[in-house]
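The values are calculated or read from the model by the stated rules, or taken from the named source; none is laboratory data. From a predicted model like this one, the values you see are computed outputs, not experimental measurements. Glycine also receives a Cβ, built like all others from the backbone with ideal geometry; neighbour counts cover every protein chain displayed.
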Amino acid sequence: MEFEKNILCIGAGYVGGPTLAMIAYKCPQYKVTVVDINPERIARWNSDNLPIYEPGLDEIVKAVRGRNLFFSTDIERGIREADIIFVSVNTPTKTFGAGAGMAADLQYWEKTARQIRQYAESPKIIVEKSTLPVKTAHAMERMLQATNNHVHFEVLSNPEFLAEGTAIRDLEYPDRVLIGSRETPSGLKARQELVEIYANWVPRERIITSNLWSSELSKLVANAFLAQRISSINSITSLCEKTDADITEVARAVGTDSRIGDKFLNASVGFGGSCFKKDILNLVYICRYYGLEEVADYWEGVVKINDYQKERFVLNMLTAMFNTLAGKRICIFGFAFKANTGDTRESPAIFVCKRLLEERAELVISDPKALENAREDLQEAQGKISYVEDPYEAVAGCDAIAVLTEWDIYRQLDFKKIYGSMDKPCFIFDGRNILDHRGLFEIGFNVFPIGKPPLTHLK
Ligand code: NAD
Ligand code: UGA
């Protein structure tokens, strides 16, 4: 079959895989290829055991793989054949040299630009899908034009706003698609080409266009605003705990103001995920680079409150359990950074577990999808850890439960049965406020929610 266009994505990760699978699903007229330097990842994309868990992803991949969606390690061929190249490689926080711990590490991105330059023989549209510092497109252009092989490249910015756990829904019904370009005739033409791809399923009014720099910066700012809401509500949880106010009631009262809105106001043990922290630190770094110290300090506060919230959770556990956790068995309900994903990158559970181990607690970790990653995250941690998927089995003989991920299964457990199998006194620390606290208290648990008065039988 003749395809209208060849679309390539470099980087078969959490963004590249699902996003390009959706494009292939919605646009049978295009041939979509996703390439990666990691052969194991590509092998898994070509198997029944996909490398990431995302509700609805298996069905979409099964429907289009081999039809117009292909996963491959042949980057050179992919580049040669492509009309449009999405770049969706990882851009983690730099761990070395200038900007270590703050700036984005652009080595993977730069390698990709070099590969494109090396193999491209015909004009290409390059789409920045990764989250990048503002002005990266300029560097990309200079890199691509650094040889004189006369191939024309047009660089677009098209940041991704999907959230893990809801990626397929977010891709199918996005709030908006953002496309930034140079405002030159060839830039506007390339922008229109990308608009036409999304217009296959996204209503036109949801496809927003802008200049390149606004697009790149908007992605960092959107993540900073989202994380700021969580740090804002979390900062108030400590005040609630001091004053007997209830954070759920406060969030409802505040969120019903239509100017504020009620989404993303769930108090928690802290936000995790591969992007919020890294993108805010990147924003902070850029502000400092431009000498905007006050602005940098303002946004850095969002990360500081998040660190404070995680530490506070551990200290609350320690205080509640008579100031010693040594030798106590604590069951962790949920290790993923949020529900409906197996991803544990920057999960608050990593921090909490390491701190509990420092206090010499013994951990039994339970999670429906994230145990494989949890094992890796804690492989160097000192102390006694076991991994048990079944929550009833995991909790037997434990002194306390810490709920760190808001998986639905934890709401539906038989807590009478659980209470019966635990050591007494029993404690529950609900880091997500998802359980029926009054009901648990009546069963006999000492209950410590986030930002609400504890319910305890201890005098
Ligand atoms: P990821 O680590 O899951 O995937 C990146 C992939 O790129 C890896 O498989 C890696 O092997 C591959 N890669 C690196 N260098 C390569 C090269 N030179 N050639 C071919 N492949 C290469 O990362 P991710 O979570 O998909 O994130 C990718 C980008 O998207 C990041 O900039 C991130 O900030 C952004 N983003 C992520 C999310 C999310 O939910 N994870 C959402 C929106 C935006
Ligand atoms: C986030 C953004 O929501 C996406 O728009 C963005 O594309 C993505 O980052 C990215 O750039 O990587 P994600 O991290 O996958 O998506 O998940 P979120 O739903 O935003 O949750 C992030 C963290 O905040 C989780 O740990 C979650 O449990 C926590 N959270 C979220 C709260 O503690 N309270 C809330 O009210 C909402």
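Listing for the model above:
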read-out	value
Residue match in the range 29-50 (condition: in contact with a helix residue (DSSP H, G or I) (Cβ under 8 Å, 6 or more places away or on another chain) and within 16 Å of ligand 2 (Cβ to nearest atom))	no
Failed criterion for Glu183 (all others in (1) surrounded by 14 or more Cβ atoms within 10 Å (Cβ to Cβ); (2) modelled with pLDDT of 95 or more hold)	(1)
Wholly enclosed helices (runs of 4 or more DSSP H) of the range 368-431 bearing at least 3 residues closer than 26 Å to Phe322 by Cα and in contact with a strand residue (DSSP E or B) (Cβ under 7 Å, 6 or more places away or on another chain)	391-395
Residues of the range 139-172 classified as over 16 Å from Ser186 (Cβ atoms) and either away from ligand 2 (no atom under 14 Å from the Cβ) or among the basic types (Lys, Arg) (or both), total	9
Unique match (being under 18 Å from Glu81 (Cβ atoms) and not β-branched (Val, Ile, Thr)) among Leu69, Leu57, Leu50	Leu69
Residue list for the range 6-26, filter: away from ligand 1 (no atom under 15 Å from the Cβ) and either of a type outside the set (A, V, I, L, M, F, W, C) or at pLDDT below 95 (or both)	Asn6, Tyr25, Lys26
Considering residues of the range 25-57 that are in contact (Cβ under 8 Å) with a residue 60 or more places away in the chain and not in a loop (DSSP other than H, G, I, E, B) only, the residue nearest to Ala167 (Cα to Cα)	Leu57
Selection status of Ile350, in contact with a helix residue (DSSP H, G or I) (Cβ under 6 Å, 6 or more places away or on another chain), closer than 15 Å to Ile428 by Cα and buried (at least 18 other Cβ atoms within 10 Å of the Cβ)	no
Residue within the range 135-147 that is of a type in the set (Val, Ile, Thr), in the same structural domain as Cys9 (by TED's automatic domain parsing) and buried (at least 18 other Cβ atoms within 10 Å of the Cβ) present	yes
The range 233-262, subset of a type in the set (Ser, Thr, Tyr) and touching a residue at least 24 places away in the same chain (Cβ under 8 Å), residue farthest from ligand 2 (Cβ to nearest atom)	Ser238
Residue selected from the range 310-349 under the condition part of a helix (DSSP H, G or I) and free of Cβ contacts under 8 Å to residues at least 40 places away in the same chain, by the criterion farthest from Ile168 (Cα to Cα)	Thr319
Residue that is more than 16 Å from ligand 1 (Cβ to nearest atom), more than 26 Å from Ile197 (Cβ to Cβ), touching a strand residue (DSSP E or B) at 6+ places or on another chain (Cβ under 9 Å) and not small (Gly, Ala, Ser), where the choices are Val254, Val250, Val269	Val269
Conditions (1) buried (at least 20 other Cβ atoms within 10 Å of the Cβ); (2) of a type outside the set (S, T, N, Q); (3) in contact with a helix residue (DSSP H, G or I) (Cβ under 9 Å, 6 or more places away or on another chain); (4) at pLDDT 95 or above; number of the one not met by Glu54	(4)
Residue in the range 263-282 that is surrounded by the fewest Cβ atoms within 10 Å (Cβ to Cβ), counting only those that are near ligand 2 (Cβ under 6 Å from one of its atoms) and free of Cβ contacts under 8 Å to residues at least 60 places away in the same chain	Phe264
Odd one out for Ala104, checked against (1) more than 16 Å from ligand 2 (Cβ to nearest atom); (2) more than 18 Å from Ala82 (Cα to Cα)	(1)
Ala163 vs. criteria under 19 Å from the mean Cα position of the chain (by Cα), more than 24 Å from Arg288 (Cα to Cα) and small (Gly, Ala, Ser)	yes
Residue list for the range 439-459, filter: in a loop (DSSP other than H, G, I, E, B) and of a type in the set (D, E, K, R)	Lys452, Lys459
Answer residue from the range 188-205, given it is of a type outside the set (Gly, Ala, Ser) and assigned to a loop (DSSP other than H, G, I, E, B) and is surrounded by the fewest Cβ atoms within 10 Å (Cβ to Cβ) among those	Pro203
